[in-house]
Amino acid sequence: MLKKSSLVLWGAALFIAWHGLLLLFLWSRPPSPAADGARLTAEVIRLAQDAETELERQKELLRQIHRYSQLWGRRRVPVTPKSSQIPPKLSPPPPPPLTDATDTVLPVLVLACDRSTVRRCLDKLLRYRPSAQRFPVIVSQDCGHAETAAVIASYGDAVAHIRQPDLSDIPVPAEHRKFQGYYKIARHYRWALGQVFRTFRYRAAIVVEDDLEIAPDFFEYFQAAFPLLLADRSLWCVSAWNDNGKEQMVDVGQADLLYRTDFFPGLGWLLLAELWDELEPKWPRAFWDDWMRQPEQRRDRSCIRPEVSRTMTFGRKGVSHGQFFDQYLKFIKLNDRFVPFTQLDLSYLKKEEYERSFLPKVYAAPEVKVEDLQGNRRRELGTVRLQYSGRDSFKAFAKALGLMDDLKSGVPRAGYRGIVSFVYRGRRVYLAPPSDWTGYDPSWS
């Protein structure tokens, strides 16, 4: 750190010395005609302006280095003898043993743009995080919005504020002009995740956006689920979000209940550096979240998601112009009861154990018709199963029961092996394909 600061200071000193000598040379020249004198005066002014600009750039660089010094200081970077130093490889070493998982720093990356209401997000993050060292907050801002930047700056050293340097418009196909915002979001995600995993070299990161509010046990949840992500290679993320998490569709009495899902939920999610190594070279130009849901990226992997969401969104205004917000998102139930997840046994979420217990439970539930559910009949059966046979029947049942009915590459929201678990009129319902299900059909999208 000191070495970098010294280099910058020496560079600034050399710059000033050089221009000082140049100015002295110009001033010491013999008098010349008026025209030459005018040109000389203009040249001196230009050089002075250049010098001032360069000094400002050097000062800003020093400020950036100072700002990041605390973050760099927290990282445990092994010292390699100079004789054996080699350039870092893109593929990091295998994950550490699970006994080391409790020591891993899990930064929270907040993607911000032009919402000054980012304060609501940051206030909750700082209020609920159990450790500033274990969970540093990094706010990456796009858009260059001055009011939002001022809000972020008001937190001082409590958060690290980094800024996306490229604010230019992105060339897009004519039919995508109205989607320029989605292209900029994808570009920002790529840059910000690159900073977290390439510049700061963190082992993993929790990603949220500036319009999310978190639950009191948000950090406890991710801290407990992180070892699962390391241990089970059939998982590729942990998400705080339940797409069908409207209050009347979840069991708030089972706030400790977690699921596997084949649908990438986003909206507060944890990923490993290894996953970024895989995704970064092929990162899309736009619509990054739907791209994540394609079979080529998912590769039959799943995420962990909760019964009751640990995030909620308050951002109706955005590039999606409120899509789904009024119908679904504003009704999502945010968990308000602290669950001590780190004291619970979450091994049931490992693939083999989960399928050994979850699938028999689903297909042992008696099958009913959608009319029985809507009429609140056959309540004596308790937990029930509603079976769909194809895309059209799934969408019809989902609409009738208030579920999100869209499919991405054939995968239903919150679904696992095609099964969506939810509560309807006070009882557990599994909307499921036949028991001989053989896989998702991307043509259902």
Worksheet entry | Cα centre as origin, Lys/Arg/Asp/Glu Cβ charges: the stretch 122-166 dipole, Debye | 320
Fill in: Accessible area (Å², per residue) of the stretch 187-247, counting only protein heavy atoms and a probe of 1.4 Å
21
Discussion item. Taking θ = phi - 60°, what integer Hz values does the Karplus form 6.51 cos²θ - 1.76 cosθ + 1.60 yield along the stretch 199-208, in sequence order, with x for Gly and Pro?
Written reply: 7, 8, 6, 6, 7, 7, 7, 9, 10, 10
Worksheet item: Which length gain, in nm to one decimal place, applies between Ala396 and Ser435 when the Cα-Cα distance is subtracted from 0.36 nm times their residue separation?
Response: 12.1 nm
Worksheet item: Can you give the extra length, in nm with one decimal, that the chain gains between Val172 and Asp326 once fully stretched, where that is 0.36 nm per residue apart less the Cα-Cα distance?
Response: 52.5 nm
Fill in: Residues in the stretch 141-169 reached by a label modelled at Phe314 [backbone nitrogen below 16 Å; 7 Å Cα→Cβ]
148, 151-152
Worksheet item: At Asp345 and Thr199, where each label point lies 7 Å from the Cα along Cα→Cβ, what is the point-to-point distance in nanometres?
Response: 4.5
Worksheet item: For the pair Glu278 and Leu257, what calculated FRET efficiency results from E = 1/(1 + (r/R0)^6), where r is the Cβ-Cβ distance and R0 = 25 Å, to the nearest 0.05?
Response: 0.25
Worksheet item: Quick one: which of 282-295, 220-233 comes out on top by average Cβ neighbours within 10 Å, and what's the full order, highest first?
Response: 220-233, 282-295
Worksheet, complete the sentence: About its Cα centre, the stretch 108-332 carries a charge dipole, from +1 on Lys and Arg Cβ atoms and -1 on Asp and Glu Cβ atoms, whose size in debye to the nearest 20 is 340
Discussion item. Give me the percent of accessible area attributable to carbon and sulfur for the stretch 279-373, probe 1.4 angstrom.
Written reply: 50
Worksheet item: If you take the charge dipole of the stretch 108-332 about its Cα centre, with +1 on Lys and Arg Cβ and -1 on Asp and Glu Cβ, which of Trp236, Val207, His176 is farthest toward its positive end?
Response: His176
Item to complete: Could you go through the stretch 126-134 in sequence order and give the Karplus-derived ³J(HN,Hα) for each residue, using 6.51 cos²θ - 1.76 cosθ + 1.60 with θ = phi - 60°, rounded to whole Hz, and x for Gly and Pro?
Response: 6, 6, 9, 5, x, 8, 5, 6, 6
Worksheet item: Which peptide among 258-267, 328-337 comes first, and what is the full order, when sorted by highest mean count of other Cβ atoms within 10 Å?
Response: 258-267, 328-337
Practice prompt. Classify the stretch 322-376 as rounded, prolate or oblate, taking a ≥ b ≥ c as the square roots of the eigenvalues of its Cα gyration tensor: rounded when a/c is under 1.5, otherwise prolate if a/b is larger than b/c and oblate if not.
Written response: oblate
Worksheet item: Going by the alpha-carbon gyration tensor, a ≥ b ≥ c the square roots of its eigenvalues, is the stretch 365-432 rounded (a/c under 1.5) or, if a/c is not under 1.5, prolate (a/b greater than b/c) versus oblate?
Response: prolate
Worksheet item: Considering only protein heavy atoms, what per residue accessible area in square angstrom results for the stretch 359-436 with a 1.4 angstrom probe?
Response: 41
Practice prompt. Run a plain Debye calculation on the stretch 110-189 (Cα atoms as equal point scatterers, no solvent) and give log10 I(q)/I(0) at q = 0.15, 0.23 Å⁻¹, rounded to two decimals, same order as the q list.
Written response: -0.58, -1.06
Discussion item. Residue by residue through the stretch 152-165, what is 3J(HN,Hα) from phi via Karplus (6.51 cos²θ - 1.76 cosθ + 1.60, θ = phi - 60°)? Round to whole Hz and write x for glycine and proline.
Written reply: 4, 5, 5, 7, x, 6, 5, 9, 9, 10, 10, 10, 4, x
Response to the item:
Note on the stretch 108-332: alpha-carbon gyration tensor, axes a ≥ b ≥ c; rule is a/c under 1.5 for rounded, else prolate if a/b larger than b/c, else oblate; result rounded
Worksheet item: How big is the charge dipole of the stretch 365-432 about its Cα centre, in debye rounded to the nearest 20, if each Lys and Arg gets +1 on its Cβ and each Asp and Glu gets -1 on its Cβ?
Response: 140
Discussion item. For a protection proxy built on the mean count of beta-carbon atoms within 10 angstrom, sort 298-304, 125-131 highest first, please.
Written reply: 298-304, 125-131
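The values are calculated or read from the model by the stated rules, or taken from the named source; none is laboratory data. For clarity, every value in this text was computed on a predicted model and none was experimentally measured. Note: ideal-geometry Cβ built from the backbone for every residue, glycine included; neighbour counts use all protein chains shown. Ligands, DNA and RNA are excluded from the accessible area calculation, which covers all protein heavy atoms including side chains. Shrake-Rupley method; radii C 1.70, N 1.55, O 1.52, S 1.80 Å.
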